[in-house]
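Quick notes on the structure that follows.
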Amino acid sequence: MIYKISDYFKKSFYCLIYDDYDPENTNEIEIKLKVLEDEYFRILNIIKKNSINKRNVNQSDTYYTLIDKKMNQEWLRIRNEDGKYIFNYKKKIDNSYYEKYDVLIDNVNNLNIILNALGVKSIGTINKNRSIYIYKDKYEFSFDIIEDIGMFIEIE
């Protein structure tokens, strides 16, 4: 897997293994993998032993259509993270880069009224339990159990 990741990001295998990175590079790289249950818990146990637990959260993500936009290129989302609402717009630039904008929302009901008035409709909600760990003070590992979909590991 490391070889595939290093090839994809045009970084040497040794750069990834030995933690050699450029501190001037502020691009965030996010990798999300769907895994089977035994692999999920095997990796979770390794990360738990060598990391700091940042937090455990319940998230509910509601996704919305965008008028006259290509599916899978741009989307809107409202995330409910333990009662805190975040409105998000994300746009795919290419296969390895997304622009992302977040706004904290203090009244989600009013936001939904505005979205409805603009013709923006909900297309679905995803519920998940997420455990977040910080590895080597720079990598964030998120372990997601997503209702009706499966188990995922996300690395940033």
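The values are calculated or read from the model by the stated rules, or taken from the named source; none is laboratory data. It should be emphasised that the depicted structure is a prediction, and the values quoted were computed from it without experimental measurement. Glycine gets a Cβ as well: all are built from the backbone with ideal geometry, and neighbour counts include every protein chain shown. With ligands, DNA and RNA removed, areas are computed over all heavy atoms of the protein, side chains included. Shrake-Rupley method; radii C 1.70, N 1.55, O 1.52, S 1.80 Å.
Which ranges mark the strands (runs of 3 or more DSSP E) fully within segment 67-156 that have 3 or more residues being closer than 28 Å to residue 48 by Cβ?
Working: elements: 74-81, 84-94, 97-105, 122-135, 139-146, 150-155.
By residue number, 74-81, 122-135, 139-146, 150-155.
Does residue 120 meet the test of being without any contact (Cβ under 8 Å) to a residue 40 or more places away in the chain and β-branched (Val, Ile, Thr)?
no
Could you count how many residues in segment 106-138 are under 13 Å from the mean Cα position of the chain (by Cα) and open to solvent by 60 Å² or more (accessible area, probe 1.4 Å)?
1
Hey, among the residues in segment 79-94 that are under 19 Å from residue 128 (Cα atoms) and basic (Lys, Arg), which one's least open to solvent (accessible area, probe 1.4 Å)?
Of segment 79-94, the ones under 19 Å from residue 128 (Cα atoms) are 79-88.
When the remaining residues are screened for being basic (Lys, Arg), the result is 79, 84.
Details: 79: 31, 84: 99 Å².
Per the stated criteria, the residue is 79.
Just to be sure I understand, how many residues within segment 139-148 are open to solvent by less than 30 Å² (accessible area, probe 1.4 Å) and at pLDDT below 90?
Here is the first cut: in segment 139-148, the residues open to solvent by less than 30 Å² (accessible area, probe 1.4 Å) are 141-144, 146.
Narrowing further to those that are at pLDDT below 90: none.
Final tally of qualifying residues: 0.
Within the bounds of segment 95-104, is there any residue that is hydroxyl-bearing (Ser, Thr, Tyr) and open to solvent by less than 30 Å² (accessible area, probe 1.4 Å)? Talk me through it step by step, then tell me what you get.
Residues of segment 95-104 that are hydroxyl-bearing (Ser, Thr, Tyr), as a first pass: 96-98, 101.
Applying the additional criterion that residues be open to solvent by less than 30 Å² (accessible area, probe 1.4 Å) yields none.
So far as segment 95-104 goes, no, none of its residues is hydroxyl-bearing (Ser, Thr, Tyr) and open to solvent by less than 30 Å² (accessible area, probe 1.4 Å).
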